[in-house]
Amino acid sequence: MSESFLIAPSILSADFSILKEEIQKVEAAGADWIHVDVMDGHFVPNLTIGAPVVKSLRPVTRLPLDVHLMIEQPERYIGDFIKAGADYLTIHVEATSDPAAVLQAIRAQKCKPGITLRPATPVEKVVPFLPLVDLVLVMTVNPGFGGQSFMTDQVSKIDELRVHLRQIKSSALIEVDGGITAETARSCRGADVLVAGSFIFKNDYSSAIRQLKGAKP
Ligand code: DX5
Ligand code: ZN
């Protein structure tokens, strides 16, 4: 487990008309990764951005691009996102009939695979895939929208996943996404990476990022 949280601002809450400036501002404010939420209007009831936007963003920051695919059959698009410059590519375990094949294909293309699960999905569903990933994402809201309330009942999944990762001697990182604030971050102490959209973009970026990092004493 890392000493202090890595912070991944979700650009879903940024001002899309000045995305480059927004990313450079959170980078200057101490962000560690940039979290990119990709939604297809099928897996989740919302549409956001695709690989061409990731490609345009790649040259504007040195930070890793952490791409969260909330799309059905992610196998159709992983090549595009990897070519566009994704560093981490996370798929939902419920989104494909063969998660292992998709994760292996991501790694074969020199990208870091991640797996995630919806709040209603038990940890057991992702356990078989843990040996194949560099990142496990715990959703603390139902995927689809920024600005929702943190689901406290999901927090126990962090420690459960940590136990499973230790058992297989995996150094995969645990990331939490949804409803993260300075307050809710405190209950995520067992995690490595926190995604935050509205808490960062609706506040002073430096102060918000500092508060989140400070939430892991
Ligand atoms: C939700 C997305 C999140 C979202 C987080 O489907 O995966 O990354 O943007 O936004 P906040 O921090 O506002 O809950
Ligand atoms: Zn996300």
Q | Residue among Ala120, Ala86, Ala100 that alone is over 27 Å from Phe5 (Cα atoms) and among the hydrophobic types (A, V, I, L, M, F, W, C) | A | Ala100
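Rundown of residues vs (1) crowded, with 19+ Cβ neighbours inside 10 Å; (2) touching a strand residue (DSSP E or B) at 6+ places or on another chain (Cβ under 7 Å); (3) touching a residue at least 40 places away in the same chain (Cβ under 8 Å); (4) not basic (Lys, Arg), yes/no style:
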position: Gln104; (1), (2), (3), (4): no, no, no, yes
position: Ala108; (1), (2), (3), (4): no, no, no, yes
position: Ala120; (1), (2), (3), (4): no, no, no, yes
position: Val136; (1), (2), (3), (4): yes, yes, no, yes
position: Asp153; (1), (2), (3), (4): no, no, no, yes
position: Arg162; (1), (2), (3), (4): no, yes, yes, no
position: Ile180; (1), (2), (3), (4): yes, yes, yes, yes
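Residue by residue, here is whether (1) within 24 Å of Gly179 (Cβ to Cβ); (2) buried (at least 24 other Cβ atoms within 10 Å of the Cβ) holds:
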| position | (1), (2) |
| --- | --- |
| Glu22 | yes, no |
| Ile34 | yes, yes |
| His42 | yes, no |
| Asp66 | yes, yes |
| Asp80 | no, no |
| Gly85 | no, no |
| Leu89 | yes, yes |
| Ala101 | no, no |
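Yes/no matrix, rows are residues, columns are (1) open to solvent by 30 Å² or more (accessible area, probe 1.4 Å); (2) in contact with an Asp or Glu (Cβ under 8 Å, 6 or more places away or on another chain):
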site: Val123; (1), (2): no, yes
site: Val126; (1), (2): no, no
site: Leu130; (1), (2): no, no
site: Gly144; (1), (2): no, no
site: Ser156; (1), (2): yes, no
site: Gly190; (1), (2): no, yes
site: Ser198; (1), (2): yes, no
site: Asn203; (1), (2): yes, no
site: Ser206; (1), (2): yes, no
Q: Specify which of the listed residues (Lys216, Lys202) is touching a residue at least 40 places away in the same chain (Cβ under 8 Å) and in contact with a Cys (Cβ under 9 Å, 6 or more places away or on another chain).
A: Lys216
Q) Of the residues in segment 203-217, how many are in a loop (DSSP other than H, G, I, E, B) and within 15 Å of Thr184 (Cβ to Cβ)? A) 3
Q.
Anything in segment 41-60 that is hydroxyl-bearing (Ser, Thr, Tyr) and within 17 Å of the chain's Cα centre (by Cα)? List them, or say none.
A. Thr48
**Q.** Verdict on Pro74 being under 25 Å from Arg210 (Cα atoms), within 16 Å of ligand 1 (Cβ to nearest atom) and crowded, with 17+ Cβ neighbours inside 10 Å
**A.** no
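The values are calculated or read from the model by the stated rules, or taken from the named source; none is laboratory data. On a predicted model such as this, the values are computed, not experimentally measured, just so you know. Heads up, the Cβs are rebuilt from the backbone with ideal geometry, glycines too, and the neighbour counts pull from every protein chain shown. These area figures cover heavy atoms from the full protein model, side chains too; ligands, DNA and RNA do not enter into them. Shrake-Rupley method; radii C 1.70, N 1.55, O 1.52, S 1.80 Å.
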